[in-house]
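Accompanying notes for the structure given below.
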Amino acid sequence: RCSAAVSDSHSLAAALVAPRVAYQGMPGAYSERAALLAYPSGSPTPCEAFEGAFAAVEQWTCDRAVLPIENSLGGSIHRNYDLLLQHRLHIVGEVSLKVHHCLMALPGTKIEELERVASHPQALAQCEGFLDGLGVAGLKREAVYDTAGAAADIAERNLVGSAAIASKHAAEIYGLEILRSGIQ
């Protein structure tokens, strides 16, 4: 579940027409999808960290920010509650997003060839049962800042033997093959 935060000092008229919406992650991130659900006419703006999304609104480079505050499997995302207390932004709405994790890798990769799986810590935790059940000896799990970022890294660096846990949209954007879907 994600909630939108906005500074009271922004021009609501301009923001409502085609708001610039900050989100944490790269294109293909679940937060990008949540931003588009919350603001269908908006222009999603990726930020590397949650702090960057808050700063984008405070510095007026974005009109809104959509950030996760709760995860039905992983619980509350306390970091974003802490950031709300530190910044002069307010929750103005909520959007629920069902997450469908996919295991993806370079085209032609087989599950038994995997040596490493990378994703956001929440996604790794949500898919722990699936990963444990794969039966791949020595499979390393690497926590990174973003699900889509994990997919992009594999594609950009042509990482053979690596997989990402991310959205179907991330697989499409970065040209990865989905090995399994619905793994949460």
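The values are calculated or read from the model by the stated rules, or taken from the named source; none is laboratory data. Values in this document were obtained by computation on a predicted structure and should not be read as measured data. All Cβ positions, glycine included, derive from the backbone under ideal geometry; neighbour counts span all protein chains shown.
Tell me, which residue of the stretch 50-74 that is modelled with pLDDT under 90 and among the small types (Gly, Ala, Ser) is surrounded by the fewest Cβ atoms within 10 Å (Cβ to Cβ)? So, considering only residues that are modelled with pLDDT under 90 and among the small types (Gly, Ala, Ser), the one surrounded by the fewest Cβ atoms within 10 Å (Cβ to Cβ) is Ser72. Residue count for the stretch 1-47 satisfying the condition of being at pLDDT below 90 and not hydroxyl-bearing (Ser, Thr, Tyr): 14. Of the residues contained in the stretch 120-134, none is found to be of a type in the set (Gly, Ala, Ser) and not in a helix (DSSP H, G or I). For the stretch 98-118, state whether one or more residues are of a type outside the set (Lys, Arg), without any contact (Cβ under 8 Å) to a residue 24 or more places away in the chain and more than 23 Å from Pro27 (Cβ to Cβ). Taking every residue of the stretch 98-118 in turn, none turns out to be of a type outside the set (Lys, Arg), without any contact (Cβ under 8 Å) to a residue 24 or more places away in the chain and more than 23 Å from Pro27 (Cβ to Cβ). Scanning the stretch 116-139 for residues that are closer than 19 Å to Ala152 by Cβ and modelled with pLDDT of 95 or more yields a total of 6.
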